[in-house]
Amino acid sequence: MSGITNDVVNVLTSYPYQISIYRPGTCVDPVSFSGTIQIVPNPQVDQEFIQDNDVMDVSCEGGTDGSIIIPITPTSEFEKRILGGQLSQKQVDAVTLVASQTFSVGEVVRVEIDGFTFEATAGTGHVTATVLQSLADQINFGLNANSVDVLASVISTTTPPELRITADTAGVAFSTSSVTLTSGTNSITSVVSNVIPNESINYTFDWYDSNDNLIHSGSTSLTNLQAGTYKLAVSVNGCTTSPTTYEFVVEEPSITVGTVSETCDGAITVPISAYFTPTQLNQVGKPYV
């Protein structure tokens, strides 16, 4: 067996493989199996970009209103900061149906989502798109609407029209099944297909203080911070036991009053110096005294 890739992988990548086992000198057919191997790279973190754009310094000396907030959405903003893993993605299913004849008044089409049934009853002149829209309305506003975390819509420009069902929350899956028709003479051919698969975030975020004590896990953000150094460790699928840590500094302003001096002519000098944080200096037009 052989097969080596020399690719430099910077994002989560899957490689297909197939292995066949032969028995030389026999008439036995080879046995084959296939699958995919997923390569998980070490995440790439742009420490400087995060420090410049996502760190909010403390507003007053001794305060606790500092923060480090790395945005998860939109994806384009997150990927300016961190690369290498996979973000959550909303699942989308499509339901199509083709009736053997024109819908008759009173015929009922049902679809099941996460074990809850939704149904639409055909009325006078209803075509497939009309029935699917009635079904979408039941999913969104009907009796069991609050029991499923999805949003339904109809795409009538396709042939046949599609009922699109989209997850409310990225990373939270749902199940669409059992499209049925209650009719004495009519029948339907239905297809439930997955347009966009559910994907869960596979990054792990751990935050540490300057003494390497774990202070928070599972989020890209820290709030209510004092001035100090905070460290972020990012891993993908938990594959790295000792991931690289990246340091971010939350600063605070300060005012220093020096030694008062008096000259022979009675003039008094009080040296005062002030330090403004990068956050304050970047807030153009805001006065600081």
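Every read-out reported here was derived from the displayed coordinates using simple, explicitly stated rules and does not represent laboratory data. Values in this document were obtained by computation on a predicted structure and should not be read as measured data. All Cβ positions, even for glycine, are placed from backbone atoms using ideal geometry, and neighbour counts span all protein chains on display.
Assorted remarks:
- Length added when fully stretched, residue 265-residue 114, from 0.36 nm per residue minus Cα-Cα: 45.5 nm
- Label-zone membership for region 99-132, site residue 168, 7 angstrom Cα→C-beta point, backbone N under 19 Å: 112-119
- Residues 143, 97, 163, arranged from fewest to most other Cβ atoms within 10 angstrom of their Cβ, appear as 143, 97, 163.
- Farthest towards the positive end of the charge dipole of region 137-266, among the residues 219, 234, 139, is the Cα of 139, using unit charges on the Cβ of Lys, Arg, Asp and Glu.
- Nearest-0.05 FRET efficiency for residue 147 and residue 224, computed from C-beta distance (R0 35 Å): 0.45
- Gyration tensor verdict on region 42-171 (Cα atoms; rounded if a/c is under 1.5, prolate if a/b is larger than b/c, oblate otherwise): prolate
- Burial ordering of 107, 251, 79, 48, fewest other beta-carbon atoms within 10 Å first: 48, 79, 251, 107
- With only the Cα atoms considered, region 77-131 has a convex hull volume of 140 Å³ per residue.
- Between region 119-165 and region 68-100, the Cα center-to-center distance that results, in Å: 24
- Gain upon complete extension [residue 105, residue 155; 0.36 nm per residue less C-alpha separation]: 15.7 nm
- Using the Cβ-Cβ distance between residue 276 and residue 137 with R0 set to 45 Å, the FRET efficiency from 1/(1 + (r/R0)^6) comes to roughly 0.20.
- Here the alpha carbons of region 154-268 define both size measures, Rg and Dmax, at 30.2, 113 Å.
- Taking other residues whose beta carbon is less than 10 angstrom from the beta carbon of residue 71, and scoring Lys, Arg as +1 and Asp, Glu as -1, yields 0.
- 11 Å beta-carbon shell around residue 249, net charge (K/R +1, D/E -1): -3
- Rounded to the nearest 0.05, the FRET efficiency derived from the C-beta distance between residue 217 and residue 31 at R0 = 30 Å is 0.10.
- As a size descriptor, the averaged projected area of the C-alpha convex hull of region 44-111 was calculated at 10.0 nm².
- In order along region 49-63, the phi-based Karplus estimate (6.51 cos²θ - 1.76 cosθ + 1.60, θ = phi - 60°) of 3J(HN,Hα) comes to 5, 5, 4, 6, 10, 10, 9, 10, 6, 5, 7, 9, 4, x, x Hz; Gly and Pro are listed as x.
- Based on alpha-carbon atoms, the Kirkwood radius and the radius of gyration of region 97-179 give Rg/Rh equal to 0.97.
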